[in-house]
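The values are calculated or read from the model by the stated rules, or taken from the named source; none is laboratory data. Just so it is clear, the structure is predicted and the values come from calculations on it, not from any experiment. No Cβ is skipped: glycine too gets one built from the backbone with ideal geometry, and neighbour counts run over all protein chains shown.
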Amino acid sequence: MSKAANHLHRYKKVNLSRTKGKDYFVYRCTKPGCSHYIPIHMSEGTLCECNRCGNPMVIGKIQLNGSEGGPLTKPHCSDCVVRKGKLSHETITDVADFLRNKEKGANNPG
C-alpha cells in the first residue's frame, strides 16, 4: 500500500502553470512526504481533511464556489465558516449584560 493511501489529504490550492496567463490550479496535499494532487475541476466529492478543525470532510460546491466565486485556497468544512456581520447569541447576551451593568453603575455613583 502506498504512503498516500495511509492518510486523509489536507489540500491547498496551487498553480502548476509555467506560462503567464494560463492558470492550471490543483489541490495539492500539504502533509509531509505526500506528493498527491488533484485538478480542482475533478475534486468535487473527494474526501479530505478540513484545514481548520482537522475533521474529515467532502469537497463540495461550497468549497469550489467560495465567497469570491472561486475555489477556496485552503478548503474547510461548513462548520468552520465564520460569517461576517452575524453575531452569535452569546455575543449579543454579553453586550446586553455589559450595557445593563453600565447603566447600574451610572445610577449608583460611588
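Below, the figures for the structure above:
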{"read-out": "Failed item, numbered, when Thr93 is tested on (1) more than 28 Å from Tyr27 (Cβ to Cβ); (2) modelled with pLDDT under 80", "value": "(2)"}
{"read-out": "All strands (runs of 3 or more DSSP E) inside segment 11-97 with 3 or more residues being surrounded by 12 or more Cβ atoms within 10 Å (Cβ to Cβ) and in contact (Cβ under 8 Å) with a residue 24 or more places away in the chain", "value": "11-15, 25-29"}
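Table: residues versus (1) farther than 17 Å from Ile59 by Cβ; (2) modelled with pLDDT under 95.
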| site | (1), (2) |
| --- | --- |
| Ser2 | yes, yes |
| His9 | no, no |
| Lys12 | no, no |
| Leu16 | yes, yes |
| Thr19 | yes, yes |
| Lys22 | yes, yes |
| His41 | no, yes |
